[in-house]
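> One structure, as structure tokens, below. Some questions next.
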Amino acid sequence: QTAIAQRLGWTSLRPVQEEVGEALLSDCNAVVLAPTAGGKTEASMFPTLSMLLDNPVEAVGALYIAPIKALLNNQAERLGTYTQMVGLDRMVWHGDVGTAARKKFLKDPCELLMTTPESLEVMLISGRANKLFGDLRIIVIDEVHALAGSDRGAHLMSVLERIASISKHDIQRVGLSATVGNPEDILRWLQGTSGRPAKVVDPPKQPSRREILVIHRPELALVSHDAAKLAKRKKSLFFCQSRSATEAVAEQMRRFGTTVFVHHSAVSKEERQHAEERFHHGSDACIVATSTLELGIDVGDLDIVLQHEAPDSVSSFLQRMGRTGRRAGTAANTTFLCEHGESVLQSIALVELAKARFVESVEVNDRVWPVLVHQLLAMSLERSGISKADAWAHLSRMPDFRGIHRAEFDRLIAWMLRDRSLEEADGRLLI
């Protein structure tokens, strides 16, 4: 409390932060629902750091997992400030982090590790897992709705359960999410083998003004011209549904004199970081992006959000609109710029569904075969071979594999042995 008040200058916490703090300090697993910039990161991190101060750890005490490297990089400074102000430290580990920093961390692990699901698997296979995670207490998964119901989510859950078998604690699990239709299902999925009580934290949302505009322009040049006029002397994000549309819109807007940055998965890391940095500190620029900026990457307070055609879901629409209206006296807003009549109809449908408080559910699959095969190979590599019984004992506990029966698993093993993806020696499966 002293650090939050003195270093950050805060005089109070938001309702979601009060409620999450109470849940986590009561030893609950939790899924936290709040819009972009709703204070979810602090809601999970303040009680986490408090617990690490009360009971110091021997190595890594807390994991912060994000689905993309850009989100880790974006949160690194903020979480670095929070750990530093209470005398702790954090490490960011992903594919772009240099060897020297990794070696230093492995030699002297810090309390908070920030990483991606894939990098976490690499650490397990490296043979350092017992030293790193033997005293792990809590795992915070940011943007958990982007992982649940996907192959990457199934992979993450399997990796977390492998880590849970190493730790001497029932690891506390926290998922941070945008609004979803079925948070209880995501919480059950996240719970896995943990025996802790579980809670969905979804404080009442305060009613607020929204400004929605749907414009029909039958050509991309007209869409870009409108976007350039709307973005003039403002800080804006323009979401497109494809990389090709992103590039085309950006090129046209530049012709109308707008300062434009492009942000999508095919843009180099340096260009994306340059765009985020310039944009974060500017006041008259537009980032034209695909869904890469839909997740909680902080690009500062926006004036307007533009949308080419209509996004695929109410969830995406709400995430994108939630990047505006953060300043006092401003309203959250979205302007749809549609080339096609169907997009006009879809945009109106999204708005009407959101007004009716409908949000899509995340479908959780319990027969994720590709990840089951992958995890068989990974565990065999990690342990220099694994017995069928041990592999089944681990995998059959996963929510994502619970629909797969033992007879099917045995047939898979037999096929992989015939295929030579696996070999068997002394009752152990080897790569």
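The values are calculated or read from the model by the stated rules, or taken from the named source; none is laboratory data. Since the model is a prediction, treat every value here as computed from it, not as a measurement. Cβ sites come from the backbone with ideal geometry, for glycine too, and all protein chains shown count toward neighbours. Just the protein is used for accessible areas: all its heavy atoms, side chains included, with ligands, DNA and RNA removed. Shrake-Rupley method; radii C 1.70, N 1.55, O 1.52, S 1.80 Å.
> Sort out which residues of the range 128-147 are assigned to a loop (DSSP other than H, G, I, E, B) and out of contact with any strand residue (DSSP E or B) (no Cβ under 8 Å at 6 or more places or on another chain), and write them in order of number.
Hits for the range 128-147 are Arg128, Gly134, Asp135.
> Which one of Glu121, Glu161, Glu143 is charged (D, E, K, R), touching a residue at least 12 places away in the same chain (Cβ under 8 Å) and farther than 20 Å from Gly95 by Cβ?
Within the list Glu121, Glu161, Glu143, the selection yields Glu161.
> Looking at the range 155-162, is at least one residue open to solvent by less than 10 Å² (accessible area, probe 1.4 Å), acidic (Asp, Glu) and either touching a Leu at 6+ places or on another chain (Cβ under 8 Å) or assigned to a helix (DSSP H, G or I) (or both)?
Yes, because at least one residue in the range 155-162 is open to solvent by less than 10 Å² (accessible area, probe 1.4 Å), acidic (Asp, Glu) and either touching a Leu at 6+ places or on another chain (Cβ under 8 Å) or assigned to a helix (DSSP H, G or I) (or both).
> Just a yes or no: is a residue in the range 364-385 among the polar types (S, T, N, Q), out of contact with any Ser or Thr (no Cβ under 8 Å at 6 or more places or on another chain) and within 30 Å of Phe239 (Cα to Cα)?
Yes, that holds for at least one residue.
> Just to be sure, is Ser242 surrounded by fewer than 17 Cβ atoms within 10 Å (Cβ to Cβ), polar (S, T, N, Q) and under 32 Å from the mean Cα position of the chain (by Cα)?
Criteria met by Ser242.
> Same structure, new question: Output the residue which, of all residues in the range 327-380 that are under 27 Å from the mean Cα position of the chain (by Cα), surrounded by fewer than 16 Cβ atoms within 10 Å (Cβ to Cβ) and of a type in the set (Gly, Ala, Ser), is nearest to His394 (Cα to Cα).
Of everything passing the filter in the range 327-380, Ser361 is nearest to His394 (Cα to Cα).
> In the range 53-83, how many are in a helix (DSSP H, G or I) and either open to solvent by less than 10 Å² (accessible area, probe 1.4 Å) or of a type in the set (Lys, Arg) (or both)?
Total meeting the criteria: 7.
> For the range 119-134, does any single residue satisfy the condition of being touching a Gly at 6+ places or on another chain (Cβ under 8 Å) and at pLDDT 95 or above?
no
> Do any helices (runs of 4 or more DSSP H) entirely within the range 263-357 hold 2 or more residues that are among the polar types (S, T, N, Q) and at pLDDT 80 or above, and if so, which? Give the steps one after another, and end with the answer.
Values: elements: 269-281, 314-321, 341-355.
Result: 314-321, 341-355.
Here's the yes/no breakdown for (1) part of a loop (DSSP other than H, G, I, E, B); (2) closer than 25 Å to Glu19 by Cβ; (3) free of Cβ contacts under 8 Å to residues at least 12 places away in the same chain:
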position: Arg188; (1), (2), (3): no, yes, no
position: Thr193; (1), (2), (3): yes, no, no
position: Pro207; (1), (2), (3): yes, yes, yes
position: Leu213; (1), (2), (3): no, no, no
position: His225; (1), (2), (3): no, no, no
position: Arg233; (1), (2), (3): yes, no, no
position: Ser236; (1), (2), (3): no, no, no
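> Among the numbered criteria (1) open to solvent by less than 50 Å² (accessible area, probe 1.4 Å); (2) within 30 Å of Ala328 (Cβ to Cβ), which single criterion is violated by Lys205?
The failed condition is (1).
> Oh, and also: Return the total of residues in the range 163-191 being touching a Ser or Thr at 6+ places or on another chain (Cβ under 9 Å), closer than 20 Å to Met45 by Cα and surrounded by fewer than 19 Cβ atoms within 10 Å (Cβ to Cβ).
Residues meeting the conditions: 1.
> Sticking with this structure for a sec: Condition first: among the basic types (Lys, Arg), open to solvent by less than 80 Å² (accessible area, probe 1.4 Å) and at pLDDT 95 or above. Can you find one or more residues in the range 220-238 that meet it? Full working, then the answer.
Quick first cut of the range 220-238, residues among the basic types (Lys, Arg) only: 229, 232-235.
Then keep just the ones that are open to solvent by less than 80 Å² (accessible area, probe 1.4 Å); that gives 234-235.
Okay, now just the ones that are also at pLDDT 95 or above, so none.
Checking the range 220-238: not a single residue is among the basic types (Lys, Arg), open to solvent by less than 80 Å² (accessible area, probe 1.4 Å) and at pLDDT 95 or above.
> Please work out which one of (1) at pLDDT 95 or above; (2) in contact with a strand residue (DSSP E or B) (Cβ under 8 Å, 6 or more places away or on another chain) is the condition Pro370 fails and give its number.
Exception for Pro370: condition (2).
> Scan the range 71-90 and report the pairs whose first residue is within 17 Å of Ile141 (Cα to Cα) and whose second residue is open to solvent by 30 Å² or more (accessible area, probe 1.4 Å) and in a loop (DSSP other than H, G, I, E, B), with Cβ atoms within less than 6 Å and a gap of 6+ or a chain change.
Between residues of the range 71-90 that are within 17 Å of Ile141 (Cα to Cα) and residues that are open to solvent by 30 Å² or more (accessible area, probe 1.4 Å) and in a loop (DSSP other than H, G, I, E, B), the close pairs are Asn74/Asp298.
> With the checklist (1) open to solvent by 60 Å² or more (accessible area, probe 1.4 Å); (2) farther than 23 Å from Ser150 by Cα; (3) in contact (Cβ under 8 Å) with a residue 40 or more places away in the chain; (4) not basic (Lys, Arg) in hand, flag the one item Gly385 doesn't pass.
(1)
> Quick check on the range 26-48. Is at least one of its residues touching a residue at least 40 places away in the same chain (Cβ under 8 Å) and at positive phi?
Yes, the range 26-48 contains at least one residue that is touching a residue at least 40 places away in the same chain (Cβ under 8 Å) and at positive phi.
> Can you tell me which residue within the range 101-120, out of those that are open to solvent by 10 Å² or more (accessible area, probe 1.4 Å) and under 22 Å from Asp170 (Cβ atoms), is nearest to the chain's Cα centre (by Cα)?
Filtering the range 101-120 for residues that are open to solvent by 10 Å² or more (accessible area, probe 1.4 Å) and under 22 Å from Asp170 (Cβ atoms), the one nearest to the chain's Cα centre (by Cα) comes out as Glu111.
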